[in-house]
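Note sheet for the following structure.
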Amino acid sequence: MPACWEQIARLWKRRQRGRRVADGGLLTAAGNDYGFDEIFARQVAAFGLAGDLLICLTTSGKSRNVERALQEAKARQLKTIVFLGRDGGSTLGLADVDILVRSNTTARIQEAHQLLLHVLCEVVEARLAQ
């Protein structure tokens, strides 16, 4: 989501702590070598440090690659937030914080996720400014 990347860029300048894990080259390499289910977990394993925050999104709650990323994050003691849709699927309960948008309409779920991500970024920005 471009708006979220803008927030990361702004925070990066100030904190020098962010990690970009949704890189196309990394996704392709991990997918080719380890399978699509591992594309995010491999990046968490490579870049995640205890105490970091991983934010995931899954409209269906059934994305195995998101589940694996959350499992890897837990094993590495990262904090986790997941944005879910529908009934949360098999991903519900895997993160420290579940944000569930109860809808069966993909577009509405994704719109709500985008709004909630903006709110989350604003809260983080305000707290960092203190």
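Below, the figures for the structure above:
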quantity	calculated
Close pairs from the range 77-93: first β-branched (Val, Ile, Thr), partner assigned to a helix (DSSP H, G or I) and surrounded by 20 or more Cβ atoms within 10 Å (Cβ to Cβ), Cβ under 8 Å, at least 6 apart	80/70; 80/73; 82/66; 82/70; 82/91; 91/66; 91/67; 91/70
Filtered residues of the range 41-64 (kept if farther than 18 Å from residue 106 by Cα, surrounded by fewer than 21 Cβ atoms within 10 Å (Cβ to Cβ) and of a type in the set (Gly, Ala, Ser))	45, 46, 50, 51
Qualifying residue in the range 115-128 (condition: under 22 Å from residue 37 (Cβ atoms) and either buried (at least 18 other Cβ atoms within 10 Å of the Cβ) or in contact with a helix residue (DSSP H, G or I) (Cβ under 6 Å, 6 or more places away or on another chain) (or both))	no
Tally, over the range 73-130, of residues that are under 15 Å from the mean Cα position of the chain (by Cα) and assigned to a strand (DSSP E or B)	11
Some residue of the range 77-92 being loosely packed, with under 13 Cβ neighbours inside 10 Å and hydrophobic (A, V, I, L, M, F, W, C)	no
Extreme residue, nearest to residue 65 (Cα to Cα), among residues of the range 85-107 that are touching an Asp or Glu at 6+ places or on another chain (Cβ under 8 Å) and among the hydroxyl-bearing types (Ser, Thr, Tyr)	91
Residue among 67, 38, 111, 6 that alone is loosely packed, with under 14 Cβ neighbours inside 10 Å, among the acidic types (Asp, Glu) and at pLDDT 90 or above	111
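The values are calculated or read from the model by the stated rules, or taken from the named source; none is laboratory data. In this text, all values refer to a predicted model and were calculated from it rather than measured experimentally. Please note: Cβ atoms are built from the backbone with ideal geometry, for glycine as well, and neighbour counts cover all protein chains shown.
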